[in-house]
1. If you scan region 73-85, which residues turn out to be of a type outside the set (A, V, I, L, M) and at pLDDT below 90?
2. Taking the conditions exactly as written (closer than 15 Å to Asn138 by Cβ, surrounded by 19 or more Cβ atoms within 10 Å (Cβ to Cβ) and within 15 Å of the chain's Cα centre (by Cα)), does Thr106 satisfy them or not?
3. Among the charged types (D, E, K, R), at pLDDT 70 or above and exposed (fewer than 14 other Cβ atoms within 10 Å of the Cβ) - does that describe any residue in region 119-136?
4. Going by what's in this entry, would Ala111 be described as within 15 Å of Phe134 (Cβ to Cβ) and part of a helix (DSSP H, G or I)?
5. Of (1) over 20 Å from Ala207 (Cβ atoms); (2) within 18 Å of the chain's Cα centre (by Cα); (3) crowded, with 20+ Cβ neighbours inside 10 Å, Leu91 satisfies all except one. Which?
6. When you scan region 31-52, how many residues do you find that are modelled with pLDDT of 90 or more and not hydroxyl-bearing (Ser, Thr, Tyr)?
7. Return yes when Ser44 is among the hydroxyl-bearing types (Ser, Thr, Tyr) and surrounded by fewer than 16 Cβ atoms within 10 Å (Cβ to Cβ) and no when it is not.
Amino acid sequence: MLLLRSPAVRVGLSVALATGLYGLSFGALSVAAGLDVLQTMALSLLLFSGGSQFAFIGVVAGGGSGISAMSAAALLGIRNGVYGMQLNVLLRPSRRRKLVMAHLTTDESAATASGQRDPDEQRRGFWAAGIGVFVLWNLFTLVGAVVGNAMGDPARWGLDGAAVAAFLGLLWPRIQAREPAAIAVVCAVVTLIAVPFVPSGVPILIAAVVAAVLGLSGFGPPTEGLEPDVEPYPPGAPRGGS
């Protein structure tokens, strides 16, 4: 009960619930794409990356080869490697925990951890979101795979929207300055435009590229109004024109 008093744990568990429910959609779509229940569960247990899993079954459903499906899944899994490098510096895990943490590193666990300022809360947030998402994602994947036909079209339940809304709710309070907020809005618009045209998981990569381009182009806080480091005129020098 003491852990439930932790803000990071509460956030992690709430995000885990929203994301885990989305596993219903994956389980149903995976079976509809031609995979059986065991194959569907293997993807959730071993691959455990929502975007990569949806990309895999999307290629399979479209008649693509296993190599093409694995390539698409691997491409979307690149972002988890980036998260892993960030979390390795942030959390400094022991060697014994690195393998487990690598498997639990997702959008949700990385965002929950980085959204905290206290080092202990960062660790609690990571484990709460990581373990919570893993357990609920696999549980609801099984439910979706077993009763998928009875669910009908998973999209009508809006579970994908619930996961995205939870993720946005987690990150938005961290955006306090105007410039990051503007970048976030631009990335959101780009993501909404990309969703109908690209596989699941790709929009977040496109948004990351847009954010990186804006950052490298010098989009940042204005320098107007800042006090200069040195006096523009030497002491005693005339301030007028020549």
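The values are calculated or read from the model by the stated rules, or taken from the named source; none is laboratory data. On a predicted model such as this, the values are computed, not experimentally measured, just so you know. No Cβ is skipped: glycine too gets one built from the backbone with ideal geometry, and neighbour counts run over all protein chains shown.
1. The answer is Gly77, Arg79, Asn80, Gly81, Tyr83.
2. yes
3. Within region 119-136, one or more residues are among the charged types (D, E, K, R), at pLDDT 70 or above and exposed (fewer than 14 other Cβ atoms within 10 Å of the Cβ).
4. no
5. Among (1) over 20 Å from Ala207 (Cβ atoms); (2) within 18 Å of the chain's Cα centre (by Cα); (3) crowded, with 20+ Cβ neighbours inside 10 Å, Leu91 violates only (3).
6. 12
7. no
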